[in-house]
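Read through the structure below, which is laid out as structure tokens, and then see the notes.
The values are calculated or read from the model by the stated rules, or taken from the named source; none is laboratory data. The structure displayed is predicted, hence computed values, not measured ones. We place every Cβ from the backbone using ideal geometry, glycine too, and count neighbours over all the protein chains shown. Please note that ligands, DNA and RNA were not included when accessible areas were found on the heavy atoms of the full protein model with its side chains. Shrake-Rupley method; radii C 1.70, N 1.55, O 1.52, S 1.80 Å.
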Amino acid sequence: MSPFEHGEVFVLNDGGEVDLDLGNYERFLDIKLTRDNNITTGKIYQAVIDKERRGDYLGKTVQVVPHITDAIQEWIERVAMIPVDGKEGPADVCVIELGGTIGDIESMPFIEALGQFSYHVGPGNFCLVHVSLVPVLNVVGEQKTKPTQHSVRGLRGLGLTPNILACRSSTALDQNVKEKLSQFCHVPAENIITLYDVSNIWHIPLLLRDQKAHEAILRELNLSGVAKKPVLEEWTARAELCDKLQDPVKIAMVGKYTGLSDSYLSVLKALLHAAVACHRKLVVEWVPASDLEDATAKETPDVHKAAWNLLKGADGVLVPGGFGDRGVQGKILAARYARENRIPFLGICLGMQIAVIEFARSVLNLQDANSTEFDSETANPCVIFMPEGSKTHMGGTMRLGSRRTFFQVPGCKSAKLYGNPRFVDERHRHRYEVNPDMIARLESAGLSFVGKDESGERMEIVELPSHPFYVGVQFHPEFKSRPGKPSPLFLGLLAAACGQLEAVMQTSEHVNKVMPKNILSNGSPALKYQQNGNASKLTNRLLNGVYTNGNGNGVHI
């Protein structure tokens with residue numbers, strides 16, 4: 001999937017490559033989804049064609065109705081039985097997002113399938129929440145209901161009747177607007193929820209609670225008698241804390257797709273989680289990698305100068321993953337600047353490979369050191385194609401999903417940030433790896449490969465021990481960062497940029513050793529102390545779930 005078309009490519013534990021929507025669900029709900037949670041037209045058609053080829057339909061004509069629609073319903077019922085929250089047994093409620101816009105030809109089979117599904121499961125087992133835009137005319141400030149009326153009419157014409165309206169708008173809906181929507185859309189006024197613009201996205205669940213959206217859903221599903229009151233004190237504290245942060249921390253994001261911020265959505269969210277944990281207001285400076293290069297200096301010197309000014313004004317540097325050779329030289333220059341000027345640096349996937357190439361060129365004086373991805377004939381290949389990879393089939397042939405990384409140096413910064421476990425499980429998405437034949441030379445010059453896979457041949461984490469914080473990882477730690485449990489490596493970068501690294505490493509290691517799981521419960525002294533505004537830094541960090549090693553061995557809040 002092209003990041004310019006889909007935004008970031010989110011990777012699941014089982015190696016499924018999906019769009020950023022599933023990443024949002026994982027972050028907000030703190031669950032682990034599988035590739036089967038992502039239903040696409042291609043998957044459905046492939047499954048039906050495979051059945052037809054096996055003779056399952058006994059020679060009948062295969063049609064959209066009933067074969068495609070039946071396959072969609074069967075998929076939903078099968079996947080709904082798979083637990084995703086770490087507990088045994090199926091979930092009480094299955095959430096299905098039908099993307100697109102009413103009237104799109106692509107979604108027609110899915111709309112028909114859900115229409116049949118609602119009839120199949122019966123009243124009380126199916127609740128349809130229709131999300132619609134209520135635009136506001138800036139000239140007069142009037143909230144227009146016509147787009148919602150038309151989309152609901154189209155939806156009803158296709159056999160689906162919304163139980164709840166979730167209306168996106170820049171401001172809260174006026175009462176008369178709600179009444180108008182209720183009258184024309186045949187939805188009770190108490191089932192019309194307004195989702196207006198807020199200061200940060202963590203306020204949205206609170207917004208839903210205040211409008212009793214959960215009660216509307218529970219009524220429609222006949223669950224009012226068994227549901228508990230939402231416990232959102234910790235979530236509320238985090239949302240309010242995020243609004244109050246004033247001291248900035250600037251992180252230079254040196255990437256290839258800086259023109260579309262959704263290309264790095266999980267990275268941005270991981271930075272935010274860590275910044276809030278460090279009590280700092282995150283400022284991301286977007287630095288297009290190619291703007292740092294000498295070619296840009298000749299063609300557009302002003303652009304080149306502006307990019308370097310952003311880089312030099314940052315408290316930390318992050319080089320995210322990517323593919324292709326565009327902007328690679330700029331990323332190398334950014335890594336060199338961070339290394340030589342002792343600026344906190346985190347390189348992810350390609351960012352790690354860039355750091356190794358830069359070190360080989362600058363410290364080992366191997367000027368032609370490169371990745372075979374960019375120069376297949378290089379005499380000093382620091383990064384090579386993985387032996388098990390395929391050079392002819394691009395789709396799904398990378399090293400994907402959760403893989404185990406074993407720490408080689410227990411006292412290294414990365415291990416301390418994770419709480420000094422023996423290993424960590426993180427998600428991968430790459431075709432190239434650091435050349436194991438060059439490790440001895442690189443380590444003799446001062447680079448330390450502190451994390452490796454189970455074979456000991458694949459480099460996973462690299463550090464520069466003489467640097468305040470210079471870390472590169474082959475995996476993508478951003479995919480497992482959560483609002484209450486920031487990724488340890490992102491926390492390390494932000495803490496180093498704020499001058500808090502030693503304190504965070506010591507406390508993380510200490511908490512992991514001495515404190516049991518779930519030490520903070522609702523109404524705990526630490527939580528009450530925070531709400532009174534007199535909390536210590538330790539309490540604040542605990543409240544934000546900072547101390548976790550990412551493997552369930554730390555404190556989870």
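Structural remarks
- Residue that is over 23 Å from the mean Cα position of the chain (by Cα), more than 25 Å from residue 343 (Cα to Cα) and acidic (Asp, Glu), where the choices are 443, 463, 457: 457
- Qualifying residue in the range 258-270 (condition: out of contact with any Asp or Glu (no Cβ under 7 Å at 6 or more places or on another chain) and either open to solvent by less than 20 Å² (accessible area, probe 1.4 Å) or of a type in the set (Asp, Glu) (or both)): no
- Among (1) in a loop (DSSP other than H, G, I, E, B); (2) open to solvent by 60 Å² or more (accessible area, probe 1.4 Å), the one test that residue 8 misses: (2)
- Hey, residue 283 part of a strand (DSSP E or B) and in contact with a Lys or Arg (Cβ under 9 Å, 6 or more places away or on another chain) or not: yes
- Residue 80 meets the conditions (1) farther than 19 Å from residue 401 by Cα; (2) touching a helix residue (DSSP H, G or I) at 6+ places or on another chain (Cβ under 6 Å); (3) open to solvent by less than 40 Å² (accessible area, probe 1.4 Å) in every case but one. The failed one is (2).
- Consider the range 112-124 and keep the residues that are among the small types (Gly, Ala, Ser) and under 16 Å from residue 98 (Cβ atoms). The one that is least open to solvent (accessible area, probe 1.4 Å) is 113.
- Out of 167, 127, sole residue that is within 21 Å of residue 104 (Cα to Cα) and surrounded by 14 or more Cβ atoms within 10 Å (Cβ to Cβ): 167
- Scanning the range 413-425 for residues that are without any contact (Cβ under 8 Å) to a residue 60 or more places away in the chain and either surrounded by 19 or more Cβ atoms within 10 Å (Cβ to Cβ) or under 14 Å from residue 480 (Cβ atoms) (or both) gives a single hit, 415.
- Complete set of residues in the range 385-407 that are open to solvent by less than 40 Å² (accessible area, probe 1.4 Å), at pLDDT 80 or above and under 22 Å from residue 438 (Cα atoms): 385, 386, 399, 405, 407
- Test for residue 14: is it at pLDDT 90 or above, in contact with a Ser or Thr (Cβ under 6 Å, 6 or more places away or on another chain), open to solvent by 60 Å² or more (accessible area, probe 1.4 Å) and farther than 23 Å from residue 205 by Cβ: yes
- Filtered residues of the range 339-374 (kept if of a type in the set (Gly, Ala, Ser) and open to solvent by 40 Å² or more (accessible area, probe 1.4 Å)): 362
- Meeting the requirement of 2 or more residues that are over 18 Å from residue 22 (Cβ atoms) and of a type in the set (A, V, I, L, M, F, W, C), the helices (runs of 4 or more DSSP H) wholly within the range 33-121 are 41-54, 108-121.
- Restricting attention to the range 339-370, the residues that are in a helix (DSSP H, G or I) and over 20 Å from residue 450 (Cα atoms) add up to 3.
- Single residue of the range 313-333 satisfying the filter (open to solvent by 20 Å² or more (accessible area, probe 1.4 Å) and at pLDDT below 95) that is farthest from the chain's Cα centre (by Cα): 329
- Residue, most open to solvent (accessible area, probe 1.4 Å), within the range 227-257, restricted to residues that are touching an Asp or Glu at 6+ places or on another chain (Cβ under 9 Å) and free of Cβ contacts under 8 Å to residues at least 60 places away in the same chain: 248
- Where residue 166 falls short, out of the listed (1) modelled with pLDDT under 95; (2) within 25 Å of residue 116 (Cα to Cα); (3) of a type in the set (Gly, Ala, Ser): (1)
- Some residue of the range 284-299 being open to solvent by 10 Å² or more (accessible area, probe 1.4 Å), over 19 Å from residue 351 (Cβ atoms) and in contact with a Ser or Thr (Cβ under 8 Å, 6 or more places away or on another chain): yes
- Tally, over the range 463-491, of residues that are open to solvent by less than 10 Å² (accessible area, probe 1.4 Å), more than 25 Å from residue 232 (Cβ to Cβ) and aliphatic (A, V, I, L, M): 3
- Number of the exception - residue 336 against (1) part of a loop (DSSP other than H, G, I, E, B); (2) open to solvent by 50 Å² or more (accessible area, probe 1.4 Å); (3) in contact with a helix residue (DSSP H, G or I) (Cβ under 7 Å, 6 or more places away or on another chain): (1)
- Only one of 87, 144 that is within 30 Å of residue 170 (Cβ to Cβ) and open to solvent by 60 Å² or more (accessible area, probe 1.4 Å): 144
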